[in-house]
Amino acid sequence: MDPSSRPQSTDASEAAEPQLPAISYLNQTRGLKSWLITLDHKRIALMYLVLTLVGFLIGGILAMGVRIEHLTPDETIMGANTYNRTFTLHAVAMIFLFMIPAIPGIFGNFLLPLMLGAKDVAFPRLNLLSVYVYVAGAALLVTSMATGGVDTGWTFYAPYSLSTPAELFPALMGVFIIGFSSILTGLNFIVTIHTMRPRGMTWMRMPLFVWGSYATSVIQILATPVIGLTAFITGIERVFGFGFFDPAKGGDPILFQHMFWFYSHPAVYIMILPAMGVISETVAAFSRKNVFGYSMVAYSSLGIAFVGFFAWGHHLYLSGQSSMDAGAFGIVSMLVGVFTAIKVFNWIGTLYRGSISLKTPFLYVCGFLYFVVFGGMTGIVFSTVSLDVFWHDTLFVVAHFHYIMVGATLMGFLAALHYWFPKLFGRMYHEGWGMVSAAFIIVGLSTTFIPMFFLGNMGAPRRYYMYAADGQSLNVAATAGAVLTAMGFVTIAIYLIYAIKNGKVAGDNPWGASGLEWKTSSPPPTENFHTTPIVDEDPYTYRKKGEEAEHVVI
Amino acid sequence: MIAFLEELMRRLLWLPEQASTFAQNVDRLHYVMFIVTMVAAAVTGGVSLVLMFKYRERSKNVTTPIVHPSGKFEFVAISVPTVVFLAWFYIGFKDYLWMTTPPANATDVYVTGKKWMWHFAHPDGPNENAVLHVPANRPVRLLMTSRDVIHSFFVPDFRVKQDVVPGRYTELWFEATKVGRFPVRCTEFCGTWHSQMLAEVVVMAPADYDAWLAKQRQGGHSDRIDSSSSTGSSTEFRNDLVSYGKRVAEAHGCFKCHSTDGEQHIGPTWTDLYMRKTLLLTGETITAEEGYLTESMMDPYAKVVKGYQQVMPSYRGKLTAPEAAALVEFIKSLRTNRLDNLESKEPVYGPVQPSTIN
């Protein structure tokens, strides 16, 4: 069936009984092999969906292990060494297997060509390669960590990582390998955005998700080689006994920290910028409005990506770097807060004079704003340096970065998953269950991490197997929150898996959203569009053809 | 009034005591930022909720206006956060420079971290493990290094923290304002017992500290072990009790079976015995507190530790009450920082390679 021959409907209400297209990317070719060697960006996106969710599941189960262990101040279910390995693998799985690849790998891959009216990304083969590099790196990482007992924390700080008897070399090689997957994806996206925009789509007409992905890709290309190098030379230092970082051999352990955070701080923005892009899309779609201050939002993504490169030293305030360094890195870190504040103001401004429908993706937008505001403001207090001295490496930091990396990034991920679910599979999820599980997750995450802010204020350090008994009530509350969160995720898994086969058929554009990805069938055909789209209007245009726009300035 | 409000905030935020000159400055900035950010969050959230309600969907597919930010809006949105954030930074960074610049007249103490304990050396003596005695109201500078991996020295009540790095010295200074005992925690992950790398700072009135120091330097105690419970004016008495306890142990031949170096002998070692969770022959686990220690001297077979032969004689009538108390006090002094000795464990890791700096 030719989608272009069907009635051109952009809004759900106009479509009578929507039908699934007979042929789509999901069923054009069949068999396992057709999936394993596919070059279709949409199928690759679904492969990333499955793979990153496996990573998320591993990380999530281990997070529950940590929380259960902390029900009592002493040993609850595991010994000290097991605890140290558990939080290490939790962090590694969540960061390298889920947070970094998830939104670019799944939604970036699926949506970038659709949003740009293209048939595929610029380098489909590289795209497929990135999946297999990811699989190789992830498999090495998880198996070696599970069997080798890596207990260094995800930061692998030297010289501890050089002296621990854990089998660290394969895990470090896993980090090294998985980095290439990230680099390939970033490279692919940058070339795609530069070369494959349709006629009429100027830079300032690109959807903000594309802007976010662009900023992310720049970081992936420039910063990832440094973590790869760091992991590699730490690995060979362990094996061959070179003295890069070991002070006993004239090496410098602080150098390791500089190199590690040169990647790992911008990596935070690899995780959050795509989520911010998702939020820009969803807030516009569910307000039926243009994004307020479009260019400010777009440029602030680039701004975050840029200053994010020069903020790494705020992880080293107490490592013995100079006070001058601390000051410079503190000011730059404040600028990240300024750019984030600008984005928040503009998202809220988008609501003004909109027509807001409170659906599950929008509930996640609200959750995102909540987490990013509180996570951002606690970031501001760290940048004042004197307060950071007290909070550095306490549970306050843990709560802060979980608000941003888990709270905000996960809200972006879940908003994207629900907003584009009908585009991915052509069917709708159950709205009621969607709202309920969103509420569970937002309340659950808050209940988990608010107690940790207070524990940090009490002076409780992070990565503690045993803790002072006066922190027990707060720890129990945090564990209860984790249980709520887990319940939310189990519900989501159930209703989404059910909806893939049995959900109501969604139609091409169930949300009535603007954007090229909604102008093709759901799910799209393998070649995305039958006629190459031409863009003749700004993004987020919500008015009928020919209707005069009312302009308002506030 | 201000003091009352500050104290209220401190308790609301669950912050530890303010026991150094830094604490008040750090906390005041904390309170200001907390209040301002909470108000900002409330305004942001409130505005969002009002907009979401006011502009809720009333009918499908309505046409909405295109709203642009004015130059004024952009200017305010960018400049207000920038100015406020940088003002906070200025205040905080000034305090940070103060906190990282030790005054010239500071008293030095050398600190060595290693897995998993803290060692303190006062120039010209004495040396201490897990307990650091310092005077109140005088600046103290810690010169710190590590013998193995990176540790971090954190005293929550003083609001100070500094990484302790092998191969180099880092410094930290503070001026304690309250007499008392304040916990020290390691805040850089350092392996299996990272969470048990604990110590405490004992702040003494300056006169008491001088007396304590003089006493220590006289060489009155060959082993220089200090009671972990020594504070202020009672220091002298307690230290005497510990050394008295040691003399008692020598006189009664306790060391024939009990070691003080951590090695198990015919009887359990006394190092880390106090408050150890001990498994008994009956399968029961008890904590070796003062009551149990005294009972074991007087009635050794009432509660027998698993794995040891029943060879100890009763000391009922042989030890006077002050002697027994001194013995208990001596055993209590043989505590390192490990609070968790469930049983005597094999070391989990091999010995650490000695670094160039010792």
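Under a point-charge model restricted to the Cβ atoms of Lys and Arg (+1) and Asp and Glu (-1), what is the dipole moment magnitude of segment A:117-232 relative to its Cα centre, in debye to the nearest 20? Write out the running numbers ahead of the final one.
On the way: 5 positive and 3 negative charges, 143 e Å.
Roughly 680 debye, rounded to the nearest 20.
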As a footprinting exposure proxy, order A:553, B:248 by other Cβ within 10 Å, with the fewest listed first.
A:553, B:248
Which whole-angstrom value gives the distance between the alpha carbon centres of segment A:65-120 and segment A:283-359?
23 Å
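Could you please report the charge total around residue B:67, scoring K, R as +1 and D, E as -1 over all other residues with beta-carbon less than 15 angstrom from its beta-carbon? Please list the in-between numbers first.
Values: positive: A:288, A:289, A:353, A:543, B:54, B:72; negative: A:538, A:550, B:74.
Computed value for this residue: +3.
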Residue range of chain A that is longest and free of GluC sites (Glu not before Pro) which are both DSSP loop and sparsely packed (at most 11 other C-beta within 10 Å):
A:1-546
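Using the alpha carbon gyration tensor of segment A:27-519, what are the three equivalent-ellipsoid semi-axes (square root of 5 times each eigenvalue), largest first, in whole Å? Kindly include the intermediate steps, with their values, before the conclusion.
On the way: eigenvalues 235, 129, 113 Å².
Each semi-axis is the square root of five times an eigenvalue, giving 34, 25, 24 Å.
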Please name which of A:531, A:421, A:521 has its Cα lying farthest along the dipole of segment A:409-554 towards the positive end, using unit charges on Cβ (Lys, Arg +1; Asp, Glu -1) and the Cα centre as origin.
A:421
Tilt relative to chain A, helix A:409-419 - C-alpha long axis, 0 to 90 degrees, to 10
20 degrees
Helix axis angle, A:294-307 relative to chain A longest principal axis, alpha carbon, degrees
20 degrees
Taking a straight Cα-to-Cα line shorter than 15 Å from residue B:306, and setting aside same-chain aspartates and glutamates fewer than 8 residues away, one finds B:284, B:343
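Based solely on its DSSP helices, what 222 nm [θ] is calculated for the protein assembly as shown when runs of n ≥ 4 H residues each add -39,500 (n - 2.57) and the sum is averaged over all residues, nearest 500 deg cm²/dmol?
-17000 deg cm²/dmol
Roughly what % antiparallel, to the nearest 5, for the DSSP beta bridges in the protein assembly as shown?
Details: 34 of 51 bridges.
Close to 65 percent.
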Folded to 0 to 90 degrees: helix B:235-251 orientation relative to chain B principal axis, Cα:
40 degrees
Give me the one-decimal nm value for the distance between modelled label points at residue B:301 and residue B:35, 7 Å along each residue's Cα-to-Cβ direction.
7.0 nm
Here the gain from full extension of residue A:490 to residue A:146, 0.36 nm per residue of separation minus their alpha-carbon distance, amounts to 121.4 nm
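Assign unit charges at the C-beta atoms only (+1 for Lys and Arg, -1 for Asp and Glu), then state the dipole size of chain A relative to its Cα centre in Debye, rounded to the nearest 20. Walk me through the numbers on the way to the answer.
Values: 29 positive and 29 negative charges, 217 e Å.
Dipole of chain A, to the nearest 20 debye: 1040 debye.
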On a C-alpha basis, how far is the centre of segment A:494-554 from the centre of segment B:1-53 in Å? Whole number, if you could?
45 Å
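If I take R0 = 60 Å and measure r between the Cβ atoms of residue B:2 and residue B:62 in this structure, what FRET efficiency does the formula 1/(1 + (r/R0)^6) give, to the nearest 0.05? Let's see the in-between values first.
Values: r = 53 Å, r/R0 = 0.89.
Using R0 = 60 Å, I get an efficiency of 0.65.
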Which of A:274, B:118, B:66 sits farthest toward the positive end of the charge dipole of the protein assembly as shown, with +1 on the Cβ of Lys and Arg and -1 on the Cβ of Asp and Glu?
B:66
Step through the table entries B:178/B:246; B:256/B:332; A:119/A:423; A:289/A:501; B:215/B:332, compare each Cα-Cα distance with 24 Å, and write down the pairs that go over it.
B:178/B:246; A:289/A:501
In segment B:73-145, trypsin sites (Lys or Arg not before Pro) in a DSSP loop with at most 14 other beta-carbon atoms within 10 Å
none
Scan segment B:245-295 for GluC sites (Glu not before Pro) in coil per DSSP, keeping those whose Cβ has at most 16 other Cβ atoms within 10 Å, and list them by number.
B:263, B:284, B:289
Kindly put B:70, A:355, B:152 in sequence by how many other C-beta atoms sit within 10 Å of each C-beta, fewest to most.
B:70, A:355, B:152
Given the candidates A:149, A:22, A:159, the one whose Cα lies deepest towards the positive end of the charge dipole of segment A:13-160, counting +1 at each Lys or Arg C-beta and -1 at each Asp or Glu C-beta, is A:22
Return B:194, A:402 ranked ascending by Cβ neighbour count within 10 Å, so the fewest neighbours appear first.
A:402, B:194
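For the protein assembly as shown, take N as its residue count and report Rg(C-alpha) divided by 2.2 N^0.38 Å. Could the numbers behind the result be given before it?
On the way: Rg = 31.1 Å, N = 912, 2.2 N^0.38 = 29.3 Å.
Ratio of Rg to 2.2 N^0.38 Å for the protein assembly as shown: 1.06.
For segment B:123-195, run through the chymotrypsin sites (Phe, Trp or Tyr not before Pro) and keep only the ones in DSSP coil with at most 12 other Cβ atoms within 10 Å of their Cβ. Kindly include the intermediate steps, with their values, before the conclusion.
Working: sites: B:153, B:154, B:158, B:169, B:173, B:174, B:189, B:193; in loops: B:169, B:189, B:193.
Listed in order of number, the matching sites amount to none.
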Once you keep just the Cα pairs under 8 angstrom separated by 6 or more residues, what percentage relative contact order results for chain A?
20 percent
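Every number here is computed from the coordinates shown, using simple stated rules; none is lab data. The structure displayed is predicted, hence computed values, not measured ones. Don't worry about glycine lacking a Cβ; one is built from the backbone with ideal geometry, like all the others, and counts go over all protein chains shown.
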